1. Looking only at the stretch 93-101, decide whether some residue is within 23 Å of Cys54 (Cα to Cα), buried (at least 22 other Cβ atoms within 10 Å of the Cβ) and acidic (Asp, Glu).
2. Does Gly164 fit the bill of being more than 12 Å from the chain's Cα centre (by Cα), touching a residue at least 40 places away in the same chain (Cβ under 8 Å) and surrounded by fewer than 24 Cβ atoms within 10 Å (Cβ to Cβ)?
3. Exactly one of (1) out of contact with any strand residue (DSSP E or B) (no Cβ under 6 Å at 6 or more places or on another chain); (2) in contact (Cβ under 8 Å) with a residue 24 or more places away in the chain is unmet by Glu74. Its number?
4. Name every residue in the stretch 112-138 that is hydroxyl-bearing (Ser, Thr, Tyr) and in contact (Cβ under 8 Å) with a residue 60 or more places away in the chain, in order of residue number.
5. Quick check on my filter: what residues within the stretch 142-176 are over 16 Å from Arg128 (Cβ atoms) and touching a Lys or Arg at 6+ places or on another chain (Cβ under 6 Å)?
6. Restrict the check to the stretch 83-98 and report whether at least one residue is over 27 Å from Ser135 (Cβ atoms) and under 16 Å from the mean Cα position of the chain (by Cα).
7. Just checking, which of Asp104, Asp118 is assigned to a helix (DSSP H, G or I) and either of a type in the set (Asp, Glu) or within 21 Å of Ile48 (Cβ to Cβ) (or both)?
Amino acid sequence: MSHLHTRSVVPCLLTAAALLLTGCGGAVGGTPTTPGASSNPAGGHEDISEVNPCDLLPPEKATSFGLGQPNAKEPEKVLNGVGCQYRGDPFVVLVSKNEDIDLDRLRGNRDKYAEFEDNKVNGRPGARIVVRGGSGHGLCTQAFAYGRGSIDVELTYHHGKFAGKDPCADAMAVAQAVESQLPR
């Protein structure tokens, strides 16, 4: 593995590991919800199992962000679900779906992150997340509700390319493009 490749993969692994911790462990803090409740305004009627993350960033949109085509036609297993990685310059983006972890669960584990802020992506409930150790290192995840789970857009700048950039603003821009491709 090249030095450049290692520097772009390590932050991705840190983010994925922190999101994995969200799915593990005992008690979850936060506000209790009723069974079947969802942070999705559509009430979870959207079927996340039908979503292919590799189809959520069309070539023209990927190119507009400086990204190439996804690493695969079919999603690959990632720590919290399945996803596709788009490589580019100055950053790499992982678009993934998580059928088992919704925004309420992420919110309940907010103490595991360096930064966690509720927001919206094209009107859908979302969250801006920076993992512990990730602040100031050019990475950010923008998650948003879909069905009974979540879609995550994890953006990682290549080493030395994030000076003066806001990775969370860039993750939001990509997330808005991804969300616009989802069935309504």
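1. The answer is no; no qualifying residue exists.
2. no
3. (2)
4. Of everything in the stretch 112-138, just one residue is hydroxyl-bearing (Ser, Thr, Tyr) and in contact (Cβ under 8 Å) with a residue 60 or more places away in the chain, namely Tyr113.
5. Correct list: His159 only.
6. There is no residue in the stretch 83-98 that is over 27 Å from Ser135 (Cβ atoms) and under 16 Å from the mean Cα position of the chain (by Cα).
7. Every option except Asp104 fails the conditions.
Any read-out appearing in this document is the output of simple, stated calculations on the displayed coordinates, not a laboratory observation. In this text the structure is predicted, and so the values were computed from the model without any measurement. Counting neighbours? That spans all protein chains shown, and the Cβs are built from the backbone with ideal geometry, glycine included.
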